[in-house]
Amino acid sequence: MSTPDIHDEIRLYLRARVALIVLVTVEEQRALDALNRVRRDRDPASDLVTWDIADGLESAAGRSLPKAASPPDVLAKIQELALKEPGRRDLYVLKDFHAFWERDPVVRRRLRNLAHRLVYTGASLIVTTPVRTVPVELGDDAVVVEMPLPQEDALRGALDDLIDGTQGVKSTLTPAGRSRLAQAALGLTAAQARRAFAKAIVRDDVLDDRDIDAVVAEKKAVIRENEALEFYSAEESPDDLGGLEVLKQWLRLRERAFGEEAREFGLPAPKGIALIGIPGTGKSLTAKMIGGLWRLPLLRLDVGALFGSLVGESEERVRRALRLAETVSPCVLWIDEMEKALASGGHDGGTSQRVFGSVLTWMQEKKAPVFVVATANDISALPPETLRRGRFDEVFFLDLPTEEERREIITVHLRKRRRDPGAFDITQLARDSDGFVGAELEQVVVDAMYEAFSEERDVTTADIVRAVAATVPLSTSQREIIEDLRSWLREGRAQSASFGGAALAAEHQVPVLEV
């Protein structure tokens, strides 16, 4: 929901004579500015009256108002003011009132009585609060409106005001550069964005293209405070991931899918993919590679961090995290090991099912261009409806790498460690490491290098061969589990990330482990 939409929604509720609106936001001043605009547009003669526990009642119009030091007092005074002049269409704003209704049943009862009486006047009551929880007693009388984070146009306006309205501010940004800087701040509140812009100016006394990275760094720190989201610098490319050519080609075809050209062509933004398969085959690396390939922000949703100890806290965290992802969009949202959302086994009062259900519903209904990359190792822990079309564009299975893919993976890890792959017998290494996954191939290269380093010489093919021989791969130690996973591919329930088409699986050309 954009900022103009929030104005329209509040106007609509006021016209419908809704007497109690709960406005959920951490941006109190921005909320007051929006309410004041709605009030002026609705009736220039009306007043915006605010109350908080520190300053009491205050009038935007400068009226003299009675003192009200406590929550019961202010509710009584608002009732007197509204009934004294029932034709006035004033807005009464209670700041942080959730702190009082949570612990005092008298306040809840008086607030409900006041809402009933205001219906017969022109006045309305608005509670600003950073949390969405509303007492059950007020559920029938209050409407909850969530104020979204500022969009790019609002952040661009704040940036323009800072550059053009502040004396001594130097800027070499072009109009396009200003837009990029504002876009980099998406996901921040208006106050956080202004602080990030001001910090960038103070750092070197000028705003230029280099400050885009500085603002992104500020955003990373803010997103980290969300607890459930982590901002990744997606620097991986397809060259950092060996094999998986079918998956890579699928991604390349959609590389420009989030641009305006794709919209004009009539294409929708891709919804996402599920990566199912054997541990260590590159599911997490693939998520990072997508962010780098598409040059989009990469957010990782930590499913375990969504769960809180208080009633309703987990649901609030997931809503907040998903709203933030939509604000930062277009972006890639990486849900790692999504089966962890159901790890409690139903012993948490249904919280895990509600949280998981909220994520699935959002994936089905989201309109924002957020590309979801969900990974899972334990398919049996996921409900059958999780992987159905509509939530994901495709379900890919990451199998044990083929010999050709093992050659690519070994080559990648040798180059990553500044070694010339031409100096090694890659063919022999790929043949000897049959059944190894990518993570195991990386580790044998590292183990071989440790051995060579301890003997003060460079690593050789023989070192890696010995490391391979000393390693028991997952395909051996967890043979039954791996075979159960691979049955997904043979049954045609997912597309191979490596083989060209499901027909290969149907014809049993996917290698089967001998038990």
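Just to be sure I understand the filter: pairs with C-beta atoms under 8 Å, separated by 6 or more residues or on different chains, first member in the range 372-383 and under 18 Å from LYS271 (Cβ atoms), second member open to solvent by 40 Å² or more (accessible area, probe 1.4 Å) and at pLDDT 75 or above. Which pairs pass?
VAL372/LYS271; THR375/SER284; THR375/GLU337; ALA376/GLU337
Here's a check for you: in the range 118-133, which residue that is touching a residue at least 60 places away in the same chain (Cβ under 8 Å) and open to solvent by 40 Å² or more (accessible area, probe 1.4 Å) is nearest to LEU12 (Cα to Cα)?
Taking the candidates together, the pick is VAL119.
Here are the criteria: (1) at pLDDT below 85; (2) over 13 Å from LEU229 (Cα atoms); (3) open to solvent by less than 40 Å² (accessible area, probe 1.4 Å); (4) part of a helix (DSSP H, G or I). Tell me which single one ALA305 does not satisfy.
(2)
In the range 211-228, is there at least one residue being surrounded by fewer than 19 Cβ atoms within 10 Å (Cβ to Cβ), more than 20 Å from the chain's Cα centre (by Cα) and within 25 Å of LYS416 (Cβ to Cβ)?
Scanning the range 211-228, I find no residue that is surrounded by fewer than 19 Cβ atoms within 10 Å (Cβ to Cβ), more than 20 Å from the chain's Cα centre (by Cα) and within 25 Å of LYS416 (Cβ to Cβ), so the answer is no.
So ALA274 clears everything in (1) in contact with a Gly (Cβ under 8 Å, 6 or more places away or on another chain); (2) open to solvent by less than 40 Å² (accessible area, probe 1.4 Å) except one condition, right? Which one?
In the conditions (1) in contact with a Gly (Cβ under 8 Å, 6 or more places away or on another chain); (2) open to solvent by less than 40 Å² (accessible area, probe 1.4 Å), ALA274 misses (1) alone.
Determine which member of the set LEU173, LEU186, LEU162 is among the aliphatic types (A, V, I, L, M) and within 25 Å of the chain's Cα centre (by Cα).
Matching residue, one of LEU173, LEU186, LEU162: LEU186.
Quick grid of which residues meet (1) within 20 Å of the chain's Cα centre (by Cα); (2) among the hydrophobic types (A, V, I, L, M, F, W, C):
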| residue | (1), (2) |
| --- | --- |
| VAL246 | no, yes |
| LEU253 | no, yes |
| PHE258 | yes, yes |
| GLY266 | no, no |
| ALA269 | yes, yes |
| ALA274 | yes, yes |
| THR286 | yes, no |
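Name the single residue that is farthest from ARG108 (Cα to Cα) among those in the range 46-80 being without any contact (Cβ under 8 Å) to a residue 40 or more places away in the chain and buried (at least 20 other Cβ atoms within 10 Å of the Cβ).
Across the range 46-80, the extreme among qualifying residues is LEU57.
Restricting the first residue to the range 434-454 and requiring it to be under 12 Å from GLY280 (Cβ atoms), which pairs with a second residue that is crowded, with 17+ Cβ neighbours inside 10 Å and among the basic types (Lys, Arg) meet a Cβ separation below 8 Å and a spacing of at least six or different chains?
Partner pairs satisfying both residue conditions: PHE436/ARG406; LEU441/ARG406.
Determine the pairs where a residue that is at negative phi and at pLDDT below 70, located within the range 334-356, has a partner that is aromatic (Phe, Trp, Tyr) and surrounded by 21 or more Cβ atoms within 10 Å (Cβ to Cβ) with Cβ atoms under 9 Å apart, the partner being 6 or more residues away or on another chain.
ALA341/PHE356; LEU342/PHE356
Please indicate, with yes or no, whether at least one residue in the range 438-448 is surrounded by 13 or more Cβ atoms within 10 Å (Cβ to Cβ), modelled with pLDDT under 85 and of a type outside the set (Asp, Glu).
No, the range 438-448 has no match at all.
With respect to LEU474, is the statement that it is touching a Gly at 6+ places or on another chain (Cβ under 7 Å) and open to solvent by 30 Å² or more (accessible area, probe 1.4 Å) true?
yes
Quick one: how many residues across the range 381-435 are assigned to a helix (DSSP H, G or I) and within 20 Å of VAL246 (Cα to Cα)?
11
Consider the range 103-117. How many of its residues are out of contact with any helix residue (DSSP H, G or I) (no Cβ under 7 Å at 6 or more places or on another chain), crowded, with 17+ Cβ neighbours inside 10 Å and over 19 Å from GLU85 (Cβ atoms)?
Result for the range 103-117: 0.
Which of the residues that make up the range 239-269 are open to solvent by less than 60 Å² (accessible area, probe 1.4 Å), hydrophobic (A, V, I, L, M, F, W, C) and not in a helix (DSSP H, G or I)?
Scanning the range 239-269 gives LEU241, LEU244, ALA257, PHE258, ALA269.
Would you be able to tell me the number of residues in the range 15-34 that are closer than 20 Å to PRO86 by Cα and either open to solvent by 10 Å² or more (accessible area, probe 1.4 Å) or modelled with pLDDT of 90 or more (or both)?
Going through the range 15-34 one residue at a time, the tally reaches 6.
Taking the range 82-102 as the region of interest, how many residues are under 21 Å from ARG320 (Cα atoms) and open to solvent by less than 10 Å² (accessible area, probe 1.4 Å)?
Residues in the range 82-102 being under 21 Å from ARG320 (Cα atoms) and open to solvent by less than 10 Å² (accessible area, probe 1.4 Å): 1 in total.
The values are calculated or read from the model by the stated rules, or taken from the named source; none is laboratory data. Treat the numbers as computed from the prediction; the structure is a model and nothing was measured. So basically every Cβ, Gly included, is an ideal-geometry build from the backbone, and we count neighbours across all protein chains shown. Note: accessible area is taken over every heavy atom of the protein model, side chains too, but ligands, DNA and RNA are not part of it. Shrake-Rupley method; radii C 1.70, N 1.55, O 1.52, S 1.80 Å.
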